[in-house]
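The values are calculated or read from the model by the stated rules, or taken from the named source; none is laboratory data. This structure is a prediction, so every number in the text was calculated from the model and none was measured. A quick note on method: Cβ atoms are made from the backbone with ideal geometry, for glycine too, and the neighbour counts reach across all protein chains shown.
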Amino acid sequence: MEGILMSILGAIATFLLAFVVGMTYGGIRRKVIARVQNRYGPPIYQNFIDAFKLFSKTTAVHHGAMHLLGPAFLMVSAVVALMIIPVLRDNIWFTNLNFKGDLIFLIYIMTFGPLGMALGAGQTGNPNSAIGVTRGLSQMVGFEIPWVMALVALMIKYNTTSVVDLMNVQNEVGQWLIFQNPFAFVAAILASLGMFRYAPFNIVGAPTELASGPASENGGKFLFTMMSAGSVFAFVKLTLLVDVFFGGASNLIELVIKTFLLYMIPVMYGVVNPRYRTEQAVTYFWGWPLLFGFLAIIYSVYF
Amino acid sequence: METFLEKIKDRISVNFELDRSSIDVERKRVDVQIKKEQIPSILRYLKENMNFRHLMHASVVDWLEEGKFEVLFMLWTPKEKIRVFVRTKLDRDNPVMENLDMIWPQLNTYEREFKEMYGIEFTGLVAPEEFILEDWEGPPPMRRDFDTEAYAKDVFSERIGREDAQDVRETIAKRSGEVIPDFAKKHSR
Amino acid sequence: MDYGIYQDKLTRIVTDIARSHSLWILAYGTGCGAIEVPATMTSRYDAERLGVRGAATPRQADVLMITGYLTVKTLKRVIRVYEQMQDPKYVIGFGSCAVNGGMYWDSYNTIKQLDLYLPVDVYISGCMPRPEAVLEGFAKLQEQIRAGEARGATKYKDNLDYYRGNQKKIIKNWDFPDYNW
């Protein structure tokens, strides 16, 4: 009984942590972009204000059940992924639902949210949404391949499909996986540039040309849900990268430092780059990231 | 240059019966006025035989006092860089002209504009009814006898505090001591 | 003791503060005023530090900026855009053309009193208003929101017949639904 209660409290704590950290990172990103553009920028907590305001708006849009479910799919995908990923090593608060084979499940569930959102966006009937969905799926075709190849390389090398096992491997050897298989890390981080959808890969929600794409009919509470799901999802991706390549984290401060440094890679790449076109984005992912993915697999098999 | 412009003018006047013609050496242009029945043939002649391939602009002047509309076509030749202005006068009460968009397709747009803004009818023009004005029910608004101020006062309510707005033309004339001619008083704003 | 009133009041205060610090604008560039909006948003004046940010679609926006003169043809679209926005929503009339017609006071096609057709919360005067004036307009709107006075959307709903009457008077071919938000 006590164990169940502890698990529930732990799950809530994990979600709150992911929400707060993800939102703050988003605020920091806006500040960084502002500073690069020689502006003062909004306060770091601006995203919380925006989220609260969006939540307090009324919603008088109704396009059908799938449209209502679209942001919910995003949220479900983010939360389920969060529940699978080990946030901290050996901590009673963040035990999570790890199981053998969760790495494969993660690959699946991380594409589930955008697919659900695509269904919801399709029902709004807005032409911008349809174009955004098409672009998003094309881009997903691009970055999923190097991403899966990087993870598969690790699975082959250590003969496991569990994130916890990978973390244990790093503990036993005393060396992070980024040093044991650097090719896999490069492929994964380049794929994550597309996964974050920041510039230059923000072709899905391009506000100036697509009027925010799939989100164009979603205001108020829909947008709040999408924003929260995005923040949680950003935390999930960063934590997964830290777990797999940087040996996880034993306390929250370590986790925040590692994830923040990783988060700055797509942010910094974004602020200095304009937007790609769809075919440019896909060819980008099928260039160097794919090559690094192949190298990672070859390295795993032969060395 | 002057002889060249004269030559062009002569060549036009040999082939067509002109009401009036002049040349402007400084601006490199030939100015001809012609009856409206001859407009299609002169435009086609200038385009095909004299290399005035480019239609720069077409416009309408409302000569209210004469009771005429003047339709003006500006042509340009890229080789010698000379303009030809072809003018014609239409009766203001019954402004009808022949459709010209087979000579230059872009004339279609101009003709739609003239039709909407001045009420000039082009026989054989194939175009949608509305151009810029949407659901317009008043008279063609660019005609000089259409009093925009009265129309605006009638349709749109004015915010309090603008009653002392002055007539720009009169104020400037009063300040500079200029005398406005009688015909210009009513319709110049 | 009834805590409900205090709870409502507290909620309202908190939401109003949040709303005032997060204004997503839909810059409806009707006239020349649209050129001042980029100047306000970019590095020199940086409206984002006040929480002012561009929104991509009417569904996501809070503030509708009417930047310049409004012809009857455009007004029809503006009304449609305004009604697609989600409550609470605010309108900023921008430039002297939006205030009283400006230099188009005798035009046959330009409306001269925006607040007959849409509930305007803040007017920014000037031709053109400089970015400082625009920022002051935003500050004024924020003050109004915090004081709970910027209730344009409620006003529009309550007096819908009045606004509809005025709109239908000048828009001849009324071809959209009676109430579409």
Checklist entry - When you go through B:Asp31, B:Asp24, B:Asp62 one by one, which is the residue that is over 23 Å from B:Pro141 (Cβ atoms), surrounded by 14 or more Cβ atoms within 10 Å (Cβ to Cβ) and in the same structural domain as B:Ile120 (by TED's automatic domain parsing)? => result B:Asp31
Next on the checklist: Can you list residue pairs whose Cβ atoms sit under 7 Å apart, with the first residue in segment C:167-181 being within 15 Å of C:Thr71 (Cα to Cα) and outside any helix (DSSP H, G or I) and the second being among the charged types (D, E, K, R) and modelled with pLDDT of 85 or more? Count only pairs 6 or more apart in sequence or on different chains.
Outcome noted: C:Ile171/C:Lys76
Checklist entry - Just checking, which of B:Pro40, B:Pro95, B:Pro78, B:Pro105 is crowded, with 19+ Cβ neighbours inside 10 Å, in the same structural domain as B:Asp24 (by TED's automatic domain parsing) and of a type outside the set (Val, Ile, Thr)? => result B:Pro95
Next on the checklist: Here are the criteria: (1) at negative phi; (2) in contact (Cβ under 8 Å) with a residue 40 or more places away in the chain. Tell me which single one C:Ser43 does not satisfy.
Outcome noted: (2)
Item to check | Filtered residues of segment C:53-102 (kept if surrounded by fewer than 22 Cβ atoms within 10 Å (Cβ to Cβ), among the small types (Gly, Ala, Ser) and either within 18 Å of C:Asp16 (Cα to Cα) or more than 9 Å from chain A (Cβ to nearest Cβ) (or both)) | outcome: C:Gly102
Next on the checklist: Quick check on my filter: what residues within segment A:27-74 are assigned to a helix (DSSP H, G or I), small (Gly, Ala, Ser) and over 17 Å from C:Leu50 (Cβ atoms)?
Outcome noted: A:Ala51, A:Ser56, A:Ala65, A:Gly70, A:Ala72
Checklist entry - Considering segment A:254-274 alone, what residues qualify as being assigned to a helix (DSSP H, G or I) and either touching a His at 6+ places or on another chain (Cβ under 9 Å) or among the β-branched types (Val, Ile, Thr) (or both)? => result A:Val256, A:Ile257, A:Thr259, A:Ile265, A:Val267, A:Val271
Next on the checklist: I need a count of the residues in segment C:30-52 that are crowded, with 21+ Cβ neighbours inside 10 Å and modelled with pLDDT under 85.
Outcome noted: 3
Checklist entry - Can you spot a residue in segment B:109-124 that is over 18 Å from the mean Cα position of the chain (by Cα), loosely packed, with under 12 Cβ neighbours inside 10 Å and free of Cβ contacts under 8 Å to residues at least 24 places away in the same chain? => result no
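Yes/no matrix, rows are residues, columns are (1) within 12 Å of chain C (Cβ to nearest Cβ); (2) at pLDDT 90 or above:
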{"site": "A:Ala13", "(1), (2)": "no, no"}
{"site": "A:Leu16", "(1), (2)": "no, yes"}
{"site": "A:Phe19", "(1), (2)": "no, yes"}
{"site": "A:Met23", "(1), (2)": "no, yes"}
{"site": "A:Arg29", "(1), (2)": "no, yes"}
{"site": "A:Arg35", "(1), (2)": "yes, yes"}
{"site": "A:Ala51", "(1), (2)": "yes, yes"}
{"site": "A:Thr59", "(1), (2)": "yes, no"}
Next on the checklist: Kindly evaluate A:Leu54 against the criterion of being closer than 20 Å to A:Pro266 by Cβ and in contact with a Phe, Trp or Tyr (Cβ under 8 Å, 6 or more places away or on another chain).
Outcome noted: no
Next on the checklist: Can you tell me which residue is farthest from B:Leu55 (Cα to Cα) among those in segment B:95-108 that are without any contact (Cβ under 8 Å) to a residue 60 or more places away in the chain and aliphatic (A, V, I, L, M)?
Outcome noted: B:Val96
Checklist entry - If you take the residues in segment A:201-234 that are at the interface with another protein chain (Cβ under 7 Å from one of its Cβ atoms) and of a type in the set (A, V, I, L, M, F, W, C), which one is farthest from A:Met75 (Cα to Cα)? => result A:Ala211
Next on the checklist: Taking the criterion of being small (Gly, Ala, Ser) and either touching a Phe, Trp or Tyr at 6+ places or on another chain (Cβ under 6 Å) or in a loop (DSSP other than H, G, I, E, B) (or both), would at least one residue in segment A:134-141 satisfy it?
Outcome noted: no
Checklist outcome for this item: The residue from C:Gly137, C:Gly95 that alone is on the phi > 0 side of the Ramachandran plot and not basic (Lys, Arg) is C:Gly95
Checklist entry - Regarding A:Val87, is this residue within 15 Å of the chain's Cα centre (by Cα) and closer than 25 Å to A:Phe222 by Cα? => result no
Checklist entry - Which pairs do you get when a residue that is farther than 17 Å from C:Lys140 by Cα, found in segment C:1-22, comes within reach of a residue that is at pLDDT 75 or above and exposed (fewer than 10 other Cβ atoms within 10 Å of the Cβ), reach meaning Cβ atoms under 7 angstrom, with the pair 6+ apart or on two chains? => result none
Next on the checklist: Out of everything in segment C:1-52 that is part of a loop (DSSP other than H, G, I, E, B) and over 28 Å from A:Tyr40 (Cβ atoms), what residue ends up being farthest from the other protein chains (Cβ to nearest Cβ)?
Outcome noted: C:Met1
Item to check | All helices (runs of 4 or more DSSP H) inside segment A:179-253 with 1 or more residues being farther than 20 Å from A:Gly116 by Cα and acidic (Asp, Glu) | outcome: A:207-210, A:221-245
Item to check | Within segment B:172-189, tally of residues that are aliphatic (A, V, I, L, M), in a loop (DSSP other than H, G, I, E, B) and modelled with pLDDT under 80 | outcome: 1
Checklist entry - Out of all the residues in segment C:77-94, which are outside any helix (DSSP H, G or I) and of a type in the set (Asp, Glu)? => result C:Asp87
Item to check | Residue that is nearest to the other protein chains (Cβ to nearest Cβ) [pool: residues in segment B:113-140 that are of a type in the set (Asp, Glu) and in a helix (DSSP H, G or I)] | outcome: B:Glu116
Checklist entry - Pick from B:Arg169, B:Arg143, B:Arg159: which is assigned to a loop (DSSP other than H, G, I, E, B), surrounded by 13 or more Cβ atoms within 10 Å (Cβ to Cβ), basic (Lys, Arg) and more than 17 Å from the chain's Cα centre (by Cα)? => result B:Arg159
